[in-house]
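The values are calculated or read from the model by the stated rules, or taken from the named source; none is laboratory data. Everything quoted here is computed from the prediction, not taken from an experiment. Note that each Cβ is placed from the backbone with ideal geometry, even for glycine, and that neighbours are counted across all protein chains shown. Protein only, heavy atoms only, side chains kept; ligands, DNA and RNA dropped before computing areas. Shrake-Rupley method; radii C 1.70, N 1.55, O 1.52, S 1.80 Å.
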Amino acid sequence: MTKIDIVNRVLEHTGLPKQDADIAVATIITLIKGALAKDQPVILRRFGSFQTRAKNLRIGRNPKTGEEAEISARNVVRFKAGKHFKQAVNGES
């Protein structure tokens, strides 16, 4: 499913004009990215939570050549699915 598919589903369920549905979806995505950029967790009840996690500088290997390479420190996004989300994915509810 792509962003436009989500916009179309919001459009179907709410009856909003397409432009408004697109703005709503884009706003939600922007808010989530903004909170994560500030290291704030995003918790969506009955769905899951997004958090950032710091990764330290480390040495890795190029799998093709075996040559060592430095992997820089960075933040990564972690998603932890909520109980209801897991059940829905597994067809339990």
To the nearest 20 Debye, how big is the dipole of the chain about its Cα centre, given +1 on the beta carbon of each Lys and Arg and -1 on that of each Asp and Glu? 380 debye
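At 222 nm, what value in deg cm²/dmol follows for the chain if DSSP H runs of at least 4 each add -39500 (n - 2.57) and the sum is divided by all its residues, to the nearest 500? Before the final figure, lay out each step's value.
Details: 3 runs with 39 residues, N = 93.
Rounded to the nearest 500, it is -13500 deg cm²/dmol.
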DSSP-assigned coil residues among trypsin sites (Lys or Arg not before Pro) in segment 28-93, each with at most 11 further Cβ atoms within 10 Å: 38, 45, 46, 64
Skip the ligands, DNA and RNA, and give the accessible area per residue of the chain with a 1.4 Å probe, whole Å². 82 Å²
Express the carbon and sulfur contribution to the solvent-accessible surface of segment 1-82 as a percent, rounded to the nearest whole number, probe 1.4 angstrom. 54 percent
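Mind pulling up the Rg/Rh value for the chain? Radius of gyration and Kirkwood radius, both on Cα. Don't skip to the answer; put the middle values down first.
On the way: Rg = 18.5 Å, Rh = 16.4 Å.
Looking at the chain, the ratio lands at 1.13.
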Hypothetical label at residue 53: residues of segment 73-87 whose amide nitrogen lies under 19 Å (7 Å Cα-Cβ projection): 73-83, 86
If one takes the longest principal axis of the Cα atoms in the chain, at what angle in degrees, from 0 to 90 and to the nearest 10, does the Cα axis of helix 3-14 lie? 30 degrees
Rank 21, 89, 54 by how far each Cα sits towards the positive end of the charge dipole of the chain (+1 on Lys, Arg Cβ; -1 on Asp, Glu Cβ) and give me just the farthest. 54
